[in-house]
Amino acid sequence: MAKSNFTSHDQALESSNEAFLLSEGRPQEHEPKPIVVRPKATLYSKWIQDWWLAEIASLVLGIVAVISICVVLLDYQDKPAPALNAVLGVGITLNTIIAILSTVGRASLLYPVVQCMSQQKWAWFSSRPRPLTDLETFDQGAQGALGSLLLLWSINVRNFVSIGAVLVILGLAIDPLSQQLLRYDLQPVAQLSSPAYVSTALQWATDRQQGQMLHWEKPTTDVLSLVADPPLYTKAAVQAGLLSAFSIINDTEPFCSTGNCTWPTYLSLAVCMRSQDVSEHVQKIQLESKLKQKYFRYFLNEDFYIDENMNGVRLNVSSVATNTPIIDDNTYPDNALNFSQTIAFSDNLYPIADIFVMYNNGSAPEDTRFSAFEILLEWCVQEFSTTVINGIATTTRGKSTNKFTGDRGSFIIGPRFNTTDDFASQSVMSDALADAEYMIANVTHFRLSNYIRKTIKGSVSNVANSNPSWLTTSDAAEAIYRQIDRARDDQLQGDVGQKEDVEKDLRKFFQNIATSLTNDVRTAENHTFATENIWALRSTFMRANGTAWREQAFVRVQWGWIAGPMTLAILSLLFVAITVVQSSRHRQEVWKSSSLATLLALSDEIHSHIGGVRSASENESLLKPTKASMVQVSEGAWRLRSAQDI
């Protein structure tokens, strides 16, 4: 009974409220005549609430942001990537600046767009009766990209509001598109403050450096029985070349502070190598031993030969030089070795070393079973080209010259590069070297030449009934024979002919000696200056300066991606301008996205028909068949009225 009374009371109260709304609150037949209180006009109410000042200012800010992106990109295009510091020392990059401008531009451009989309809904209902559910569709479209997509999908849009929806959707892609504007390419940049140099030598003398010692040789009557050797570091350079096995000795390592350096072509005093196949000069004769045994002798001259017998020599290495010095005050310096028996290199009468190598080529007995090569080591002035890439140095040799002149006090003087055509003037390291003299002291040359004569010689023989079956008389002979033996193995494996292989391997072998000696001459520590000025001048050590490079990121602008922000800016400007003109032309108040305008716009008839607010789905079901149109009921007053009540 109590429950029934409570229900009756609620029903009575609801009926009285409805009666109040219909009778006193909102009469159905006539619009109310409210008392209009005009507020005092202020900057905010006149230009921001009732006009488009805020939207226009935001639009201008967005356009300025897009233009700023273009200005920044133009300023940094093809330039090193900037290293900028923000407030409090927080590092920022150019990408961060572009991202900030892009975000500001997108937000500033989309704000007036969504406001104009909200204003467009009033124009939408002013044209003809529309379903009331379109109010929510427009509001959702102004809230984000998904709502705009639903707006395009839900409404058969044939007016300008579709551009606003497209712009909101396009706004999602602006940030990713802006990030594609920049690309960074690594490019080497010269570091002028970072050192890069490689040692070179202009003149070379060791006879007064590191006290010399006399070295004993087998007593003879010639003048070479008791001669000082070169310094230990020079002897070590010769031995390093001899014992380098099958590896290749690199040229002098440069100093490169950045790991990537280049040098212009530079010159240095050096040791050069030449070789020539002289097998055609090998002669063969038959001899008879004291035991009446016949054997063959293969020879190049009376001092250089191989006798073939059962335990015959397989390899013979010897210097062309004889122990008879040439002493001629007019042409040659003192104590020169005699290289007059040379076959291939008569153009250089005073080399560092001239060596014959004769070896068994494995041919049949009736043929010439021995081949011969002649190798020359000589002083030269060499062009070098050096690069360092990622810490790995590569040096190549260019042209060289051996045009020197003899002198009694110093073995080699010259060349002066302004009087020879061997090198162009730009090849030298500096103008000071264009007229430089490259000099090797007489005693320095003679002691090195004599040491090589004593060192690079020997033979390899086959010993019967022995294990191992090979006998060598020197390390040099063993090293050379192993080079030849490897070439023979290559031939058995189907590689190129033996003679070509042997020549190639012998060139590598003796080039190692030449390179090792050149490095010795170019090593700064070996240029110990004596107290006398003349000897200091004879040990001139120099540096060829190069350029150190460091990879640096350079800005590359991909201008095609600017189309996204530019399109958003241009279409936003067009959309806002048309909306402003459209509202002014129809003398429609500027309500934009105001929710108060929506609440006040619904007429009493619509309120009466719908009743109270229910669930979202029920509200949509009730409003969907209801169409309304925006009409002006009095000056400055507008109503959304049901189509059947108009």
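Tell me, which residue of segment 347-374 that is farther than 20 Å from residue 510 by Cα and among the acidic types (Asp, Glu) is modelled with the highest pLDDT? Among those residues, the one meeting the criterion is 367.
One line per residue, one yes/no per condition, for (1) in the same structural domain as residue 281 (by TED's automatic domain parsing); (2) without any contact (Cβ under 8 Å) to a residue 60 or more places away in the chain; (3) among the basic types (Lys, Arg):
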position: 338; (1), (2), (3): yes, yes, no
position: 343; (1), (2), (3): yes, no, no
position: 347; (1), (2), (3): yes, yes, no
position: 351; (1), (2), (3): yes, no, no
position: 358; (1), (2), (3): yes, no, no
position: 362; (1), (2), (3): yes, no, no
position: 369; (1), (2), (3): yes, no, yes
position: 376; (1), (2), (3): yes, no, no
position: 385; (1), (2), (3): yes, no, no
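On the basis of being among the charged types (D, E, K, R), out of contact with any strand residue (DSSP E or B) (no Cβ under 8 Å at 6 or more places or on another chain) and either at pLDDT below 85 or under 17 Å from residue 377 (Cβ atoms) (or both), does residue 503 make the cut? So residue 503 does not fit the description; no.
Residue count for segment 387-403, restricted to those that are free of Cβ contacts under 8 Å to residues at least 12 places away in the same chain and out of contact with any strand residue (DSSP E or B) (no Cβ under 8 Å at 6 or more places or on another chain): 1.
Inspect segment 315-327 for any residue being modelled with pLDDT under 85 and farther than 24 Å from residue 517 by Cβ and give the result as yes or no. Yes, there is a match, as at least one residue in segment 315-327 is modelled with pLDDT under 85 and farther than 24 Å from residue 517 by Cβ. Within segment 271-287, at least one residue is modelled with pLDDT of 85 or more, closer than 30 Å to residue 548 by Cα and outside any loop (DSSP other than H, G, I, E, B). Residue check: residue 156 meets all listed conditions (1) at pLDDT below 85; (2) farther than 30 Å from residue 607 by Cα but one, namely (2). Remark: pairs (first residue in segment 248-268, in a strand (DSSP E or B); second residue of a type in the set (Phe, Trp, Tyr) and surrounded by fewer than 21 Cβ atoms within 10 Å (Cβ to Cβ); Cβ separation under 7 Å; 6+ apart in sequence or on different chains) = 255/197. A single member of 547, 531, 540, 518 is modelled with pLDDT of 90 or more, farther than 29 Å from residue 457 by Cα and not aliphatic (A, V, I, L, M), and it is 547.
Mind counting the residues in segment 455-498 that are closer than 25 Å to residue 348 by Cβ, in a helix (DSSP H, G or I) and modelled with pLDDT of 90 or more? Result for segment 455-498: 5.
Has segment 139-150 got at least one residue that is modelled with pLDDT of 70 or more, surrounded by 18 or more Cβ atoms within 10 Å (Cβ to Cβ), among the hydrophobic types (A, V, I, L, M, F, W, C) and not in a helix (DSSP H, G or I)? Yes, segment 139-150 contains at least one residue that is modelled with pLDDT of 70 or more, surrounded by 18 or more Cβ atoms within 10 Å (Cβ to Cβ), among the hydrophobic types (A, V, I, L, M, F, W, C) and not in a helix (DSSP H, G or I).
The values are calculated or read from the model by the stated rules, or taken from the named source; none is laboratory data. Only a predicted model underlies this, so the values are computations on that prediction, with no experimental measurement involved. Cβ sites come from the backbone with ideal geometry, for glycine too, and all protein chains shown count toward neighbours.
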